[in-house]
Every structure is written in structure tokens, then in C-alpha cells.
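**Q** Following this message is one structure expressed as C-alpha cells.
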Amino acid sequence: MINIISIEKNYASFLAEQQAKGCCFGFCLTWLGDIIKERPLQPSGRWLSGWFSSVPSADKKALLPADAARQRLLFERAMRKQKNYARRYQENHLNSFDALTYDEVTVNYKNAHQQEKGKITGIPGLHYSLRERSDFMSFKGMEAYRDKKTISGVIISFRFTKGEDKAAFHAVAAFRHSEFEAFFLDPNFGLFKTITRYPMLEIAQFLSGKYKNVMPLSEITITRRLQIT
């Protein structure tokens, strides 16, 4: 696995400033959304500024910004998604007798939102699917690159031991561009590229080297059907 860009110091500094433990899930949603949605980059922090330029290829959109100012914009967007994700979870627990997990709440909300957008625009939106996992090698989302009619990425949620045998949770994301090229994001460290045809094996080895007693929990696959003419 090759490190493309490290964000460890800048991300830790941002979280300290925000007095937050993290925004890993929001970060993964933001990064994958930027790759999978068909829209141009935002060079000056606004989507409108890029509408008159061509849409970059998926592998170009996967790259994180190198400069601190643009990283900061990305962190802020990720934190907003994280807060919305937590708020929807709390609302579900207050208003429903059938309390759902964080992942279930997010997937249900995202699919309903994308369906409504599709009705308005006439263009199919993103689709979110959730599967519980107990083994990293059982993750299937990384094989979706074989379907040339879709583009997809995965969010990997897991539990690990932190400090004095304290349970903690984290989310990372991956996007497979081709058989030998996959991008892997760990918000705590940065962006990486896998170098074999077995990206999940590389990811599992990376996580086991960085975190103690890693146990996979779930896989969220985000997919967009391509408009092929």
C-alpha cells in the first residue's frame, strides 16, 4: 500500500480546534460522494465555480487536496455531515419505538433523499446498501468495479480497542478504480493506493497494524448507475 497524502497532523489539529472526537463517517460520506456523483470539482470552495469545466475522471476526484486551506474546507464539510448523521440518529431514537443503528438510519435517509431527487431531476440518484460483516474478506463492495454500468465505493465500519481495553469505533472508505488500482481513505491518517489485485487484504493488514483488536462490523456500498449511451 502506497501513501499518497498524509492528513494526520492537519486532521488532528482540526478536531482539537472543534473539540470533537472525530468525523470519520462524515468524512467517508463526503469523499465517496465527491468521487461517485457526476459533478465538477470546486476549486474555490463552491460547486458553481466548476460547472464550466469538464468533470474529472473518478481516479482524479479520489485525490485529497494537498494544501492546508483546501483540506480545511474538506474537513468542515465532513464535520457538517457527521453532525447531521448524529442528529438524525438521535431523532430516530426519540421518535421511534423501533430504534435503528447509526448505519441503518443513514442508509434509509440517503435512499429516500436520492429517490426524491431522482423524481425531480429524472436522473437516478445514488443507492446505499448495508450489510453486516464479521470478516474483512467477506466484503463484496470492492468487486463492483467489474460492472461497467455502475460506479461505487464502500464505507467500512469496525470496532477496536483503545487505551485501557476501551471499545472504540471507526469508519474508513475505499474506491476501486480497476483491477490493480484502489484508493483507501483512513481519516486518521490520509489517502493510500493499493498495489495488488486484493485490496481488501491490504486494507485489513493496514488496519490491523494501526489499531488493536480490529473487528469489522458493517459495509455500506454506495452506487451510481452510469448513463451509458
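The values are calculated or read from the model by the stated rules, or taken from the named source; none is laboratory data. The structure displayed is predicted, hence computed values, not measured ones. In this analysis, Cβ positions are derived from the backbone assuming ideal geometry, glycine residues included, and neighbour counts consider all displayed protein chains. The accessibility values were calculated without ligands, DNA or RNA, using every heavy atom of the protein model including side chains. Shrake-Rupley method; radii C 1.70, N 1.55, O 1.52, S 1.80 Å.
**Q** Would segment 50-65 turn up any residue that is modelled with pLDDT of 85 or more, in contact with a strand residue (DSSP E or B) (Cβ under 6 Å, 6 or more places away or on another chain) and not hydroxyl-bearing (Ser, Thr, Tyr)?
**A** Yes, segment 50-65 contains at least one residue that is modelled with pLDDT of 85 or more, in contact with a strand residue (DSSP E or B) (Cβ under 6 Å, 6 or more places away or on another chain) and not hydroxyl-bearing (Ser, Thr, Tyr).
**Q** Here's another thing I want to ask about it. With respect to ASP103, determine if the residue is of a type outside the set (S, T, N, Q) and either loosely packed, with under 13 Cβ neighbours inside 10 Å or free of Cβ contacts under 8 Å to residues at least 60 places away in the same chain (or both).
**A** It is false that ASP103 is of a type outside the set (S, T, N, Q) and either loosely packed, with under 13 Cβ neighbours inside 10 Å or free of Cβ contacts under 8 Å to residues at least 60 places away in the same chain (or both).
**Q** Applying the selection to segment 1-39, what residues are in a loop (DSSP other than H, G, I, E, B), crowded, with 17+ Cβ neighbours inside 10 Å and at pLDDT below 90?
**A** GLY22 - this is the single residue of segment 1-39 that is in a loop (DSSP other than H, G, I, E, B), crowded, with 17+ Cβ neighbours inside 10 Å and at pLDDT below 90.
**Q** Taking the options THR223, THR161, name whichever one is farther than 19 Å from CYS24 by Cα, part of a strand (DSSP E or B) and modelled with pLDDT under 95.
**A** Answer to the selection: THR223.
**Q** Looking at ASN108, ASN92, which is the one that is modelled with pLDDT of 80 or more and part of a helix (DSSP H, G or I)?
**A** ASN108
A quick yes/no check of all residues on (1) among the small types (Gly, Ala, Ser); (2) under 17 Å from THR106 (Cβ atoms); (3) part of a loop (DSSP other than H, G, I, E, B):
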residue	(1), (2), (3)
ALA168	yes, no, no
THR196	no, no, yes
MET200	no, no, no
ILE203	no, no, no
LEU207	no, no, no
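**Q** Let me confirm something: among TYR85, TYR89, TYR128, which residue is of a type in the set (Phe, Trp, Tyr), out of contact with any Leu (no Cβ under 6 Å at 6 or more places or on another chain), open to solvent by less than 80 Å² (accessible area, probe 1.4 Å) and free of Cβ contacts under 8 Å to residues at least 24 places away in the same chain? Before you say what the answer is, go through the steps one by one.
**A** On the way: TYR85 fails: free of Cβ contacts under 8 Å to residues at least 24 places away in the same chain; TYR128 fails: free of Cβ contacts under 8 Å to residues at least 24 places away in the same chain.
Testing whether each residue is of a type in the set (Phe, Trp, Tyr), out of contact with any Leu (no Cβ under 6 Å at 6 or more places or on another chain), open to solvent by less than 80 Å² (accessible area, probe 1.4 Å) and free of Cβ contacts under 8 Å to residues at least 24 places away in the same chain leaves just TYR89.
**Q** Checking GLY125 against (1) closer than 17 Å to LYS61 by Cα; (2) in contact with a Gly (Cβ under 7 Å, 6 or more places away or on another chain), which test does it fail?
**A** (1)
**Q** Still on this model: Please indicate, with yes or no, whether at least one residue in segment 132-143 is closer than 21 Å to THR30 by Cβ and in a helix (DSSP H, G or I).
**A** yes
Matching residues to (1) out of contact with any strand residue (DSSP E or B) (no Cβ under 6 Å at 6 or more places or on another chain); (2) among the aromatic types (Phe, Trp, Tyr):
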position: ARG72; (1), (2): yes, no
position: LEU100; (1), (2): yes, no
position: TYR109; (1), (2): yes, yes
position: LYS119; (1), (2): yes, no
position: GLY141; (1), (2): no, no
position: ALA144; (1), (2): no, no
position: ILE151; (1), (2): no, no
position: ILE156; (1), (2): no, no
position: ARG159; (1), (2): no, no
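**Q** Every residue in segment 140-150 that is open to solvent by less than 70 Å² (accessible area, probe 1.4 Å) and either closer than 26 Å to ILE7 by Cα or free of Cβ contacts under 8 Å to residues at least 60 places away in the same chain (or both), please.
**A** GLY141, MET142, TYR145, ASP147
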